[in-house]
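Let me begin by presenting the structure, written as structure tokens, before commenting on it.
Read-outs: derived from the displayed coordinates by stated rules, not from any lab. Fair warning: this is a prediction, and the values are worked out from it, not measured in the lab. FYI the Cβ positions are ideal-geometry reconstructions off the backbone, even for glycines, and counts take in every protein chain you see.
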Amino acid sequence: MKIIKAEVFVTCPDRNFVTLKITTEEGVYGIGDATLNGRELSVASYLQDHLCPQLVGMDASRIEDIWQTFYRGAYWRRGPVTMTAIAAIDMALWDIKGKVAGMPVYDLLGGASREGVMVYCHATGHSIDELLEDYAKHQEMGFKAIRVQAKVPGIASNYGISKSKGAAYEPASKGIRPDVESWSTEKYLNFAPKMFEAVRNKFGFDDHILHDIHHRLTPMEAARLGKSVEDYKLFWMEDPTPAENQEGFRLIRQHTTTPIAVGEVFNSIWDCKQLIEEQLIDYIRSTVTHAGGITHMRRIADFAAMYQVRTGSHGPSDISPIGMAAGLHLDMWVPNFGLQEFMGYSERMLSVFETNWTFENGYMHPSNKPGLGIDFNEEEAKKYPYQPANLPIARLEDGTLWNW
Ligand code: KDG
Ligand code: MG
């Protein structure tokens, strides 16, 4: 199964996505997601200029050997750009293997461990009332797990809030320079427990509720928050503090039983080794797209299983539907599955990426089509050329740059 072509496509149907397509001499092709939000062209170049020329002539059936070649063989290991590029190749090769075998990828991994994948959605509001309205809307759609975020009173703009009422949340904005959001830990810590209380008072405790702190707190502040919201039984609090210093999570752990989910920015098993080994987290948020593909995510998940850490993969709209489909296949198989994020896609995005997954009653299924069960419409993609876009940055009220 000699690879004869490896092509990279950058398209912007509402937001930028990078797609890799690998074709074999038998005419079978596979597709992979290489999207790294705000840094899309770096991965496109890494693939186009360095890896694609080497891929041509390789044997597409040797997924593991190709993975090792581009990881160990590069000498420069890890990092988001490298690992997203490797992930795209890996996804495309699993897609090809599934198509050749006539099996969905989750079957190749060992078969389904469940009937469907529970996904969580986002409810947001500029006020608690607006959040409650949005929550009700998502509950009606069938979601059983809902992330809750609301604008913190007194802060001009903060993470997780849609630009206008009823619009889907999208953190990136078009243009050369990032938007600036503001942050006050004091105002947030006063507000957050009231938000969870309002949600539980109105909707009870049947659904899972989740919340993303998006790296804004110190370990001690996160410990205080976790402790103060225990009564509301969050499914998890996400990214309470930046995770470069993995030891910092010990302090949070010592003070609260609120479960912790971390890892959407991780790109390798080494980023979460200590967090998992010391059972400092409950859910690992790494994804197929940013952590080296199915091949590497499988290793992270197996390692996590030894410590009763479950998967809770990132699933924002800046992971393309191809990455989402690959994630759903992994979720179908992974024994220690926890929950999958699903932010959804616009109609325009879905005109470029032709999906076959289903959603019913809070659960998704990736489809039983051979491979990843998703296609990429090159002609449609050409209509939407790349547009520079950035994630925002955050500053404290005195102007100090803070973690976004
Ligand atoms: O690219 C960054 C987004 O994917 C991220 O901000 C979304 O934190 C996020 C989440 O949990 O979905
Ligand atoms: Mg997050």
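Tabulated values for the structure
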read-out	value
Alpha carbon centroid spacing (whole Å) that separates the range 14-72 from the range 339-404	18
For the range 137-253: rounded, prolate or oblate by the Cα gyration tensor [a/c cutoff 1.5]	oblate
The range 281-315-the range 179-236 distance, computed between alpha-carbon centres (Å)	24
Inverse mean reciprocal Cα-Cα distance (Kirkwood Rh) of the chain, Å	21.4
On Cα atoms only, tilt of 219-228 relative to the major axis of the chain in degrees	60
Spread of Cα-to-Cα distances over 10 Å intervals beginning at zero, given as percent, for the range 275-404	11, 34, 30, 19, 5, 0
Helix 321-333 axis, angle to the chain major axis (alpha carbon atoms, nearest 10°)	80
Vicinal HN-Hα couplings computed from phi for the range 15-24 (Karplus, 6.51 cos²θ - 1.76 cosθ + 1.60; Hz; Gly/Pro x)	8, 6, 9, 10, 10, 10, 10, 10, 10, 9
Cα-centre dipole for the chain with unit charges at Cβ (Lys and Arg positive, Asp and Glu negative), debye to 20	380
Measure of compaction for the range 3-107 (Cα Rg per 2.2 N^0.38 Å)	1.02
Which listed pairs, of Lys144/Lys369; Lys21/Lys144; Lys137/Lys194; Lys21/Lys383; Lys21/Lys163; Lys137/Lys187, have C-alpha distances above 23 Å, in listed order	Lys144/Lys369; Lys21/Lys144; Lys21/Lys163; Lys137/Lys187
Gaussian network model of the chain, springs between alpha carbon atoms under 10 Å - residue of Cys121, Cys12, Cys272 with greatest fluctuation	Cys12
Solvent-free Debye scattering, log10 I(q)/I(0), computed from the Cα coordinates of the range 229-273 at q = 0.27, 0.30, 0.33 Å⁻¹	-1.06, -1.20, -1.31
Amide H within-cut-off set for Met237, under 5 Å, with H built and near neighbours excluded	Ile260, Ala261
Trypsin sites (Lys or Arg not before Pro) restricted to DSSP loop in the range 213-302 with at most 16 other C-beta within 10 Å	Lys233
Shape call, the range 62-127: gyration tensor on alpha carbons, a/c limit 1.5	oblate
Three-way shape call for the range 53-190 based on the alpha-carbon gyration tensor, with the a/c threshold at 1.5	oblate
Radius, Kirkwood style, for the range 35-78 when every pair of distinct Cα atoms is counted (Å)	11.5
Residue-by-residue Karplus 3J(HN,Hα) for the range 280-292, coefficients 6.51, -1.76, 1.60, Hz, glycine and proline x	8, 9, 10, 9, 9, 8, 4, 10, 4, 5, 9, 10, x
Overall Cα dimensions of the range 271-318, principal axis frame, Å, largest first	30, 19, 15
³J(HN,Hα) computed for each position of the range 93-106 - Karplus, 6.51 cos²θ - 1.76 cosθ + 1.60, integer Hz, glycine/proline x	6, 5, 4, 5, 4, x, 5, 5, 6, x, 10, x, 4, 5
Rounded tilt (10° steps) of 185-203 against the dominant C-alpha axis of the chain	90
